[in-house]
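The values are calculated or read from the model by the stated rules, or taken from the named source; none is laboratory data. Because the structure is predicted, anything quoted here is derived from the model rather than measured. Reconstructed Cβ throughout: ideal geometry from the backbone, glycine too, with neighbour counts over all protein chains shown. Please note that ligands, DNA and RNA were not included when accessible areas were found on the heavy atoms of the full protein model with its side chains. Shrake-Rupley method; radii C 1.70, N 1.55, O 1.52, S 1.80 Å.
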Amino acid sequence: GAGVSQSPSNKVTEKGKDVELRCDPISGHTALYWYRQRLGQGLEFLIYFQGNSAPDKSGLPSDRFSAERTGESVSTLTIQRTQQEDSAVYLCASSRALRTSGRVSTDTQYFGPGTRLTVL
Amino acid sequence: KQEVTQIPAALSVPEGENLVLNCSFTDSAIYNLQWFRQDPGKGLTSLLLIQSSQREQTSGRLNASLDKSSGRSTLYIAASQPGDSATYLCAVRSYSSASKIIFGSGTRLSIRP
């Protein structure tokens, strides 16, 4: 079956431009995550979607960043007025949601190949 | 606030050796812990997921253990091979912020033929 896909794989843009990154999760996965990985650093959580619940946006670094998800399918991460410090690999992951004893936890995350964003 | 630390940051060993990668976390109230590998220029591949009620998980030559009380997990790789060379990341999901998964900064592993 298809894994998580992301597009574009590479994006070069000029400072101040807006960019839109796309993530197609695995079919049936209700949970979707966006992460950022700067060169040589670990992953930073950006945002989490779980079904129809309100997303957890607590990791978004500024109001220039926003993300949307239509139902349980495609998600787009938008960065407005890009800055050079936005240069990074943006990774998307999806997983099933498991309900255990009234709590919702999640299963293994599956990652897409990422979008490498370079802001000149 | 959950913090995840991985030591060492880099490790180089000859092929065939058994090795242990370490992960520690500050908040023991976790849902689960997951180990990933990341190959250069590629996304992450999940290796093992340990739920909070479990002590260990095994897959092939890999064994991951979890000790919540001490805030530690180890990833044991048996009979290492050059193809095991990658960066290994551990990631923790905590009760305090269930939607966030906090990653360690990784251990860059190099297996010398």
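Can you name the residue in region B:94-113 that is open to solvent by less than 40 Å² (accessible area, probe 1.4 Å) and under 11 Å from B:V4 (Cβ atoms) and is also nearest to the other protein chains (Cβ to nearest Cβ) among such residues? Among those that are open to solvent by less than 40 Å² (accessible area, probe 1.4 Å) and under 11 Å from B:V4 (Cβ atoms), it is B:F103. Of A:S87, A:S95, A:S62, all but one fail to be polar (S, T, N, Q), surrounded by 20 or more Cβ atoms within 10 Å (Cβ to Cβ) and over 11 Å from the mean Cα position of the chain (by Cα); the exception is A:S95. Being closer than 25 Å to A:Q6 by Cα, among the hydrophobic types (A, V, I, L, M, F, W, C), within 12 Å of the chain's Cα centre (by Cα) and surrounded by 18 or more Cβ atoms within 10 Å (Cβ to Cβ) is a property that B:V4 lacks. Within region A:65-78, can you find the residues that are in a loop (DSSP other than H, G, I, E, B) and either in contact with an Asp or Glu (Cβ under 9 Å, 6 or more places away or on another chain) or open to solvent by 50 Å² or more (accessible area, probe 1.4 Å) (or both)? Answer for region A:65-78, where residues must be in a loop (DSSP other than H, G, I, E, B) and either in contact with an Asp or Glu (Cβ under 9 Å, 6 or more places away or on another chain) or open to solvent by 50 Å² or more (accessible area, probe 1.4 Å) (or both): A:T70, A:E72, A:S73, A:V74.
Among the residues examined, B:R55 does not qualify as of a type in the set (D, E, K, R) and open to solvent by less than 40 Å² (accessible area, probe 1.4 Å).
Any residue in region A:29-45 that is open to solvent by less than 10 Å² (accessible area, probe 1.4 Å), at pLDDT 90 or above, closer than 30 Å to B:Y88 by Cβ and in contact with a helix residue (DSSP H, G or I) (Cβ under 7 Å, 6 or more places away or on another chain)? Looking for residues that are open to solvent by less than 10 Å² (accessible area, probe 1.4 Å), at pLDDT 90 or above, closer than 30 Å to B:Y88 by Cβ and in contact with a helix residue (DSSP H, G or I) (Cβ under 7 Å, 6 or more places away or on another chain), one finds none in region A:29-45, hence no. For A:R22, indicate whether it is away from chain B (no Cβ under 12 Å) and either of a type in the set (V, I, T) or assigned to a loop (DSSP other than H, G, I, E, B) (or both). Here the answer is no, as A:R22 does not meet what is asked. State whether one or more residues within region B:28-40 are assigned to a loop (DSSP other than H, G, I, E, B) and under 26 Å from A:S5 (Cβ atoms). Yes: one or more hits.
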